[in-house]
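Enquirer: Right, I'll just put the structure down here and ask away after.
Just so you know, all these numbers are worked out from the coordinates, no wet-lab data involved. These numbers were taken from a predicted model, which means no experiment stands behind them. Counting neighbours? That spans all protein chains shown, and the Cβs are built from the backbone with ideal geometry, glycine included.
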Amino acid sequence: MKAALAQLFRHEPLEEEQAEKILLSILEGTLASASVASFLTVYNMRPPTQPEFKGFVNAMKQCSRPINLQTENAVDIVGTGGDGKNTFNISTLSAVVVAAAGTRVIKHGNYSASSTCGSSNVLEYLGYKFTADEAELNRQLEEENICFLHAPLFHPLMAKVKQVRSDIGLQTIFNLMGPLVNPASPPNLVLGISQHVYLKKFEFLLQELEKNYLLLHSMDGYDEISLTGNFKIITPQQTQLLYPEAIGFKTLQPEQLEVGDSIASAAKIFSSVLNNEATEAQKNVVIVNSAFALQCCNPTKSLEECIALAAEALKNGKALQIFKKLINA
């Protein structure tokens, strides 16, 4: 590790095999925490090169626990996190809405590393029971069209870096890799990216993985469609720069999406959205993210149709019904 750090401090990138080997050593817990923190901090100062990024993802996949789920046309909806915007759990709510609108979702998530409340935090608080049991997860997919894969159950070696990540308190390369290492490997991925510099890196990697993807980036730094300004959409077919009014939504203010400072406050907003009692801003940002996810998996449908499907899934209570069955199972 000392030689690798010296190489990085000289601004010399790692080869793919080097990057893979070092990350494997980190995950196996054989390196001092100070060295690990130094290594991770390098990538807070500059993005990984494409070979480094690929090597890191390869290492994560080698250490993951495989699972065989019903993935036909399923999607994962996830963000890289680390945007510092303190939003409520938009992608997790969108996952429930997409399932209610008829598209299968296998969502990979974790506790928060740097924000108030991650996907796993809010789900656990509201009563969802995490499991790695293949039969149970397939049952949830069959009956409710959705299941949640809690990352620590499928990436057990990540426990070795939990304290270091917490001590750093910022987005690390692990936030970037998480969306690419869903153990069920659904064929569709809707991925929100907070930093514009990573858009091309994810695009190239996803092309290599032969996934159908939709990359989302709000130009003011959110890792989802925030409706607070212009946003970029990248698919295998096209790149678009859009703005809220062009797709029928009002431009929002950042404070309309903020979650507060506790898991309880995040859970309150989560429940209010599903109960169709949230503010118009809160509901609309979930609807628009859900609509683009639906279109990613159902390309013959127009965006207008997908917006209507997502809105109806909230209005008619189907999303709430699905979530209640999941937590009461």
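Enquirer: Just add up the charged neighbours of residue 319: K/R +1, D/E -1, any other residue whose Cβ is under 12 Å from the Cβ of residue 319.
Expert: In short, +3.
Enquirer: For the chain, just say rounded, prolate or oblate: build the C-alpha gyration tensor, square-root its eigenvalues into a ≥ b ≥ c, call rounded for a/c under 1.5, and beyond that prolate if a/b exceeds b/c, oblate if not.
Expert: Because a/c hits 1.5 or more and a/b exceeds b/c, the chain counts as prolate.
Enquirer: Here is a follow-up. Taking a point 7 angstrom from the Cα of residue 204 along the C-beta vector, which residues in the range 60-96 have backbone N less than 20 Å away?
Expert: 60-61, 80
Enquirer: Spin-label point model (7 Å from Cα, Cβ direction): what's the residue 136 to residue 241 distance in nm?
Expert: With each label point 7 Å from Cα toward Cβ, the separation is 4.8 nm.
Enquirer: Rounded to the nearest 500, what is the 222 nm mean residue ellipticity of the chain from helices alone, with -39500 (n - 2.57) per DSSP H run of 4+ residues and division by all residues?
Expert: Value at 222 nm, helices only, nearest 500: -14000 deg cm²/dmol.
Enquirer: For residue 81, what charge total do you get from the other residues with a beta carbon under 12 Å from its beta carbon, if Lys and Arg give +1 and Asp and Glu give -1?
Expert: -1
Enquirer: Over the range 158-256, what portion of Cα pair distances is larger than 18 Å, expressed as a whole percent?
Expert: Here the long-distance tail beyond 18 Å is 54 percent of all Cα pairs in the range 158-256.
Enquirer: Does the range 1-115 classify as rounded, prolate or oblate by the C-alpha gyration tensor (a ≥ b ≥ c root eigenvalues; a/c under 1.5 gives rounded; else a/b over b/c gives prolate, otherwise oblate)?
Expert: The shape class here is prolate.
Enquirer: If I model the range 2-62 as equal point scatterers sitting on the Cα atoms and use the Debye formula, what is log10 I(q)/I(0) at q = 0.25 Å⁻¹?
Expert: Normalising to I(0) and taking log10 leaves -1.14.
Enquirer: Taking θ as phi - 60°, what are the ³J(HN,Hα) couplings along the range 159-164 by the Karplus curve (6.51, -1.76, 1.60), each to the nearest whole Hz, with x for Gly and Pro?
Expert: 4, 5, 10, 4, 5, 5
Enquirer: Along the Cα-to-C-beta direction of residue 304, a point sits 7 Å from the Cα; which residues of the range 231-275 have their amide N less than 19 Å from that point?
Expert: 242-250
Enquirer: Is the range 96-241 best put as rounded, prolate or oblate by its Cα gyration tensor, with a ≥ b ≥ c the root eigenvalues, rounded for a/c under 1.5, and otherwise prolate when a/b is larger than b/c, oblate when not?
Expert: Here the range 96-241 falls in the oblate category.
Enquirer: Now, a different point. So what's the angle, to the nearest 10 degrees on a 0 to 90 scale, between helix 33-45 and the longest Cα principal axis of the chain?
Expert: The helix 33-45 is inclined about 60 degrees to the chain.
Enquirer: Working from Cα positions, state the angle (0 to 90°, nearest 10) between the long axis of helix 263-274 and the longest principal axis of the chain.
Expert: The angle comes out at about 40 degrees.
Enquirer: Here is a further query. Tally Lys/Arg at +1 and Asp/Glu at -1 over every other residue whose Cβ is under 14 Å from the Cβ of residue 195; what's the total?
Expert: The answer is 0.
Enquirer: Taking the Cα atoms only, what angle lies between the long axis of helix 199-209 and the longest principal axis of the chain, rounded to 10 degrees?
Expert: Helix 199-209 sits roughly 90 degrees off the main axis of the chain.
Enquirer: Right, here's the next one. Using the Karplus curve 6.51 cos²θ - 1.76 cosθ + 1.60 with θ = phi - 60°, what ³J(HN,Hα) values do you get for each residue of the range 231-242, in whole Hz, with x for Gly and Pro?
Expert: Rounded to whole hertz, the list is 9, 10, 10, 10, 10, x, 9, 6, 10, 10, 10, 10.
Enquirer: To continue, here is another question. With charges only on Cβ, +1 for K and R and -1 for D and E, what is the dipole size of the chain about its Cα centre, in debye, rounded to 20?
Expert: With only Lys, Arg, Asp and Glu charged at Cβ, the dipole is about 320 debye.
Enquirer: Could I ask something else about it? Find the centroid of the Cα atoms in the range 284-320 and in the range 203-281, then give the distance between the two in whole Å.
Expert: Using only Cα atoms to place each centre, the spacing works out to 13 Å.
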